[in-house]
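Student: Got a structure for you, questions after.
Only the coordinates and a few stated rules stand behind these numbers; no lab work does. Note that the structure is a prediction, hence the values are computed from the model and not measured. FYI the Cβ positions are ideal-geometry reconstructions off the backbone, even for glycines, and counts take in every protein chain you see.
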Amino acid sequence: MDVVVTPEPGDAWALSDLLGRSMGSIELEPSFGFMIRPAGLAVATMSKMSLGPYVSLDAALLAIETHTRGVCRRTVEDPDN
């Protein structure tokens, strides 16, 4: 399953499928790390994977790619990561 990753205001990134349906988000929690917050159909898809914390956004995206056997595509290059 391919995932589209879109930066949101603050330290969050929206996750959606290729049809634009929400799959949740990734949020940076200060002093803790990056947490995956599945939503919609992704709740069942990601139920058996670790939701974090991850040390970086890239590490969280890699976990999603590995678990779903898909690709995470960023919509805009994020200069901070």
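Student: What does the net charge come to around Leu19 if you take all other residues with beta carbon closer than 15 Å to its beta carbon, with K and R at +1 and D and E at -1?
Tutor: The answer is 0.
Student: Between Val43 and Asp2, what length in nm is gained on full extension when 0.36 nm per residue of separation is reduced by their alpha carbon distance? Display every interim value, and only then the final one.
Tutor: Details: separation 41, 0.36 × 41 = 14.76 nm, distance 1.52 nm.
Difference between extended and current length: 13.2 nm.
Student: Further question on the same structure: Compute the orientation-averaged projected area for the chain from the convex hull of its Cα atoms and round it to one decimal in nm².
Tutor: The number I arrive at for the chain is 4.8 nm².
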